[in-house]
Amino acid sequence: MPESHAPTRILVADDEAQICRLAEDALRPSGYDIDTAQTGREFFQRYRTGDYSLLILDALLREVSGLEVVMRLRDGGDVVPIILMFGPRKEPERMERMAFSYRVDLLRKPFGVAELRVAVLRALGEPRAD
């Protein structure tokens, strides 16, 4: 009997519900298991109880910012791949320095479904199916 593999679990955290829905709608058809959170605290509650292969975070989460989440995880030795979403008001150079220092990928808002899918494949180290 062939071995079955559990789907790749992704935790998406953004205070904008439509971004969480976009991620679910874009990634579930590809076989990913998506959980969502809308605050930094909710993110940590879900993260502690799940086994996630990828985290997609907004830089400006409520309660605990996405930037702080990244710093806590990386400073604690966590190496899970992270995509950090940020809006046009964030300074791109600052975000790039932070991404390099904390080993995260960046995704600038606004983005489309194709950009999100490519970012996920890149973060997970999977080949693109063009």
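The values are calculated or read from the model by the stated rules, or taken from the named source; none is laboratory data. All values derive from a computational prediction rather than experimental measurement. Neighbour counts are summed over all protein chains in view; Cβ atoms, including those assigned to glycine, are modelled from backbone coordinates with ideal geometry.
Quick one: which strands (runs of 3 or more DSSP E) lie wholly within segment 50-130 and hold at least 1 residues that are farther than 16 Å from A26 by Cα and either among the basic types (K, R) or modelled with pLDDT under 90 (or both)?
Correct list: 105-108.
Could you please give the count of residues in segment 54-110 that are surrounded by 12 or more Cβ atoms within 10 Å (Cβ to Cβ) and at positive phi?
Count: 1.
Condition first: farther than 19 Å from I19 by Cβ and in contact with a strand residue (DSSP E or B) (Cβ under 7 Å, 6 or more places away or on another chain). Now tell me which residues in segment 77-95 satisfy that.
Of everything in segment 77-95, just one residue is farther than 19 Å from I19 by Cβ and in contact with a strand residue (DSSP E or B) (Cβ under 7 Å, 6 or more places away or on another chain), namely V80.
Quick check: is even one residue across segment 33-52 closer than 25 Å to P7 by Cβ, in contact (Cβ under 8 Å) with a residue 60 or more places away in the chain and not acidic (D, E)?
no
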